[in-house]
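Input: a single structure, listed below in structure tokens.
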Amino acid sequence: MELSEVKELAGLVKGNISKVLVGSEETVDLVLISLFCGGHVLIEDVPGVGKTMLAKCLARSLECDFKRIQFTPDLLPSDLTGINYFDQKRSEFVFRPGPVFTNIILADEINRATPRTQSSLLECMEEKQVTVDGQTRELHRPFFVIATQNPVETRGTFPLPEAQLDRFFMRIRMGYPNPAEGMEILRRFRDADPLGELQPASSSESIIQAQYAIMKVKVSDDCAKYIIDIAEATRHDDRIVLGISPRGSIAHMKAAQARAVFEGRDFITPDDIKYTAVPVLAHRIMIRGHAISSGSEEAENIIRDILNEVHVPTEEI
């Protein structure tokens, strides 16, 4: 697949999703960037702003298998990954796949499950595989996790540890619609269900091809050094205890590559790096004096401060 075809594919999917979702253009852009880079998304927002709707629209637009899991304190790891059970008719153990064997999975309110259950997603998200009773099974491709959590109601929740937060490619918010968008939402859902009428815009196979194509985007040494300089600044900032890891820098570069394709270029610029910095990096830092601070507005503001301080490479005329 050529880069121009990737841009066209992104436009088709965004246009299809916009038939149901109103506003949220930037959110959809960031979700598609994560998907095209083979990453996963954590959406932290209040209930009712369209998180589940976005996941369903994306799955239908790409003709992908979709499953939703409601995370609760009594959820077990085997409820996600699957289990070997004894089939009396066949007199042998048979593997029953869990809901992670799909293309797009919505992990709703992920922080309501225990750390034991949360950790069962680590191998799935990073290595695209599941190991049960010593046997490793490959997950379907593409495999994309959209996890949600409510930042307001935190009673009875288990905050995600840093190691798991680092597995998420981006952390984003959807936000409330403005009054005009709110009126359009009421108009669309007044007489019909636009989600039920949504038709596929492409196939899951095209996403796999797009993921390979994005690797062709050129990254100059100056832009690569800019990414490293930002990461280094987080490691030496007095406000930060835990800075950006090499995994975070790689994710930042890949996100910039995908954003460049969306803008019609085959090379990244500092603007691509700046655009993707906050959603890719803010949840990966730990702020001094806070046990769990990743993903907070304070962390996002620190990343913005660092972007203002780090020297931006410029092209000599």
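Okay, here's what the table says:
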| item | result |
| --- | --- |
| Centroid-to-centroid separation of the stretch 209-243 and the stretch 67-118 [C-alpha atoms, Å] | 35 |
| Point-to-point label distance, ILE228-ARG265, nm (Cα→Cβ direction, 7 Å offset) | 2.1 |
| Calculated FRET value between PHE93 and ILE250, using beta carbons and R₀ = 51 Å, to 0.05 | 0.85 |
| Accessible surface of the chain, 1.4 Å probe, proportion on carbon and sulfur as whole % | 51 |
| Convex hull volume per residue in cubic angstrom - Cα atoms of the stretch 179-316 | 183 |
| Computed FRET value (nearest 0.05) for GLU309 with GLU63, which takes r as the C-beta separation and R₀ as 35 Å | 0.20 |
| Solvent-accessible surface ranking, highest first, for PHE71, PHE86 at 1.4 angstrom | PHE86, PHE71 |
| Using a Förster distance of 35 Å, the FRET efficiency for ARG188-THR114 (Cβ separation, nearest 0.05) | 0.35 |
| 1.4 Å probe accessible area per residue over the chain, in Å² | 49 |
| The chain, helix-only ellipticity at 222 nm - DSSP H runs n ≥ 4, -39,500 (n - 2.57), divided by all residues, nearest 500 | -13500 deg cm²/dmol |
| Filter on LYS218/LYS274; LYS51/LYS274; LYS19/LYS56; LYS7/LYS51; LYS128/LYS254; LYS19/LYS67 - keep pairs with C-alpha separation over 20 Å | LYS51/LYS274; LYS7/LYS51; LYS19/LYS67 |
| Residue-level accessible surface for LYS67, protein heavy atoms, 1.4 Å, Å² | 80 |
| For the stretch 1-155, projected area of the alpha-carbon convex hull averaged over all directions, nm² | 11.1 |
| Formal net charge of residues neighbouring ASP271 (Cβ-Cβ distance under 9 Å; K, R +1; D, E -1) | 0 |
| Cut-off under 5 Å, modelled amide H: who pairs with ASN84 long-range | ARG96 |
| The chain, Cα convex hull volume normalised per residue, Å³ | 163 |
| Three-way shape call for the stretch 109-154 based on the alpha-carbon gyration tensor, with the a/c threshold at 1.5 | oblate |
| Fraction of antiparallel bridges per DSSP, the chain only, in percent to nearest 5 | 40 |
| Ordering of 185-195, 153-163, 232-242, 137-147 by packing [mean C-beta count within 10 Å, highest first] | 137-147, 232-242, 153-163, 185-195 |
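The values are calculated or read from the model by the stated rules, or taken from the named source; none is laboratory data. Predicted model, so just to flag it, every value in this text is computed and none were measured. A quick note on method: Cβ atoms are made from the backbone with ideal geometry, for glycine too, and the neighbour counts reach across all protein chains shown. When the accessible area is computed, the model is the full protein with side chains, heavy atoms only, and any ligands, DNA or RNA have been set aside. Shrake-Rupley method; radii C 1.70, N 1.55, O 1.52, S 1.80 Å.
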